[in-house]
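**Q** So that we are looking at the same thing, I have put the structure below in structure tokens.
The values are calculated or read from the model by the stated rules, or taken from the named source; none is laboratory data. Note that the coordinates shown come from a computational prediction; the quantities given were computed from them, not determined experimentally. All Cβ positions, glycine included, derive from the backbone under ideal geometry; neighbour counts span all protein chains shown.
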Amino acid sequence: MKNYILIFVFLMTISFAFSQQETNSKLTHQATPDELANKHLIGKNFQETDPPVGEVRNIAEWESMEAVLISYTGEFGIPYSLIQDMSENNTVTTIVSGTTQENTIRGYYTSNNVNIDNCNFLHAPVNSYWTRDFSPWFIAVDNSEVSIVNFPYNRPRPDDNDIPIEMATFLDVPLYGMNVVQTGGNYMTDGMGISGSTPIVYTESAESGVSQSEVDERMLSYLGIHTYHVVDDPMDDYIDHIDCWGKFLDVDKILITEVPESDYRYDDYEATAAYFAEQNCSYGYPYQVHRVQAATYNDYDVNPYTNALILNNQVFVPQTGSSYDNDAIALYEELMPGYEIIGVYSNSWINSDALHCRTHGVADRNMLYINHIPLYGTIDSYNGYLLEAEIYSYAGNDLLTDFPKLHYKVDNGEYKELIMTGLETKTNTYQVVIPEQTEGSEISYYIEAEDISSKHETHPQIGIYDPHIFTASSSSPAIVKENTEQDNFNIYPNPSIGHFFIWLDYEKNTEIDININSITGKNIYNEKTFVESNLHKIDIPISQGVYILTIKTNKNTISKKLIIK
């Protein structure tokens, strides 16, 4: 009798397994009718946590990644050629059901020339291969500890929804639960507090009882997002994902699809591009908005060029056999110099679902991070051009001797090298002065850092290939000197977006009290500190408006108007 029971249990187990496989194979990127009927289950058992304590920074896609995450559900959804290319220079983490499936995949990888030495495996059940949508989001807390933020996935797929929890255990990092219904394909971030999505983040969260204001508050608390661009979807398709038509390529660059004038969505796309062109990036100046051409309307649904993956120094761009493939590759090469641009062909790419949807970077837990607000536009000299950067080793490593460095060139000259100096009273903060240059000169520069573990980083991300650029002016940025006490500071840039510097003309170690008040007198910001150099940075998310910045010392009080765009 026991044998019959065992056989029955075995057959039922096999039947369930095949049933699950059949269910998984029927899943699409779009919610199925059954899933739509069960939308009320989304977030039902979600485990919310308190937000992180400390400064939170949401890590951007182009930052250092230690791996790329994909999943196997009887198929990958991506060609082996892509897995092979990614494995040459990166770790590929594959989600599999267990040891048996891992061994099977190892055989597949070996047969398809995947670098198995650069592969590892996460054992966890999974419903689908759209890892972008359900994978964890990565943050850095106090610029030291990489952590995971989990969220209710906007599909009732319980195994997919638990992958961030599994990843937190796999990576041995802290886990935070943010109760905002989200999906990774409808999200992009710049790593400095600005992100973008379409309005489904609000509508789907509202269905679970989370208001729009609560969404914004939680995005700030859990991810450090102070500016959230929630824009209408110009694509007019079922998916409502921002990565189907837009992509941050860097802090100051955004790529948006362009359709022919004959396309009924033309005005919507143009309005979206115009919207971003009017917004300031985290560096304080307007975005560089670039366009990637879609094909004619009939072919449009196979042009998923914004659905590309940035992975360390490589960019993987979907290719469909369209006549526009080569133009898309050329555009990425122009906009992202220094990166290796790799075209990836598949007949499964569509406009609403391509390789970005099916892959997800895993943030480097030991990254070297450079925080710097670049000089831009025409800059007045004040005994040279003072630059400041904060540099953090998330592994806690020291920098190598003679790092960080600043490399700069004037016009078409050769690059020169300057060693940046650490501030004694401000940990992880370094300064350097580029000598004063002839008025009208164009100065290009980038910052380079390396730690004792050989972690290497530049700012901007690709360094010498796409440096920061400003134009030199030989006049002083401060008010013309008349030996009055009203000449002690100036604000740069002004207007700004909440990230700005105060140029100071006080003696070192002078105690100052900095206050920012609204025009109605409400205090927005207060800091008491000591003058360490001529440059003092303030980084605070302030809403648009006009404010008064006041500096008090034991000798005087000086106020200036501050405009936030």
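**Q** In segment 327-377, which residue that is outside the structural domain of N58 (by TED's automatic domain parsing) and closer than 20 Å to V289 by Cα is nearest to the chain's Cα centre (by Cα)?
**A** Looking at the filtered set, the residue picked out is I373.
**Q** Also, I was wondering about something else. All but one of (1) crowded, with 18+ Cβ neighbours inside 10 Å; (2) at pLDDT 75 or above hold for I497; state the number of the condition that does not hold.
**A** Among (1) crowded, with 18+ Cβ neighbours inside 10 Å; (2) at pLDDT 75 or above, I497 violates only (2).
**Q** Take N113 and tell me if it is farther than 14 Å from V68 by Cα, surrounded by fewer than 22 Cβ atoms within 10 Å (Cβ to Cβ), within 17 Å of the chain's Cα centre (by Cα) and not small (G, A, S).
**A** So N113 does not fit the description; no.
**Q** So S205 clears everything in (1) closer than 16 Å to P152 by Cα; (2) in contact with an Asp or Glu (Cβ under 9 Å, 6 or more places away or on another chain); (3) surrounded by fewer than 23 Cβ atoms within 10 Å (Cβ to Cβ) except one condition, right? Which one?
**A** (3)
**Q** Next question. Take S473 and tell me if it is among the polar types (S, T, N, Q), at pLDDT 80 or above and within 30 Å of Y415 (Cβ to Cβ).
**A** yes
**Q** For segment 112-223, which fully contained strands (runs of 3 or more DSSP E) count at least 2 residues that are over 15 Å from T49 (Cα atoms)?
**A** 119-123, 137-141, 145-150, 194-197
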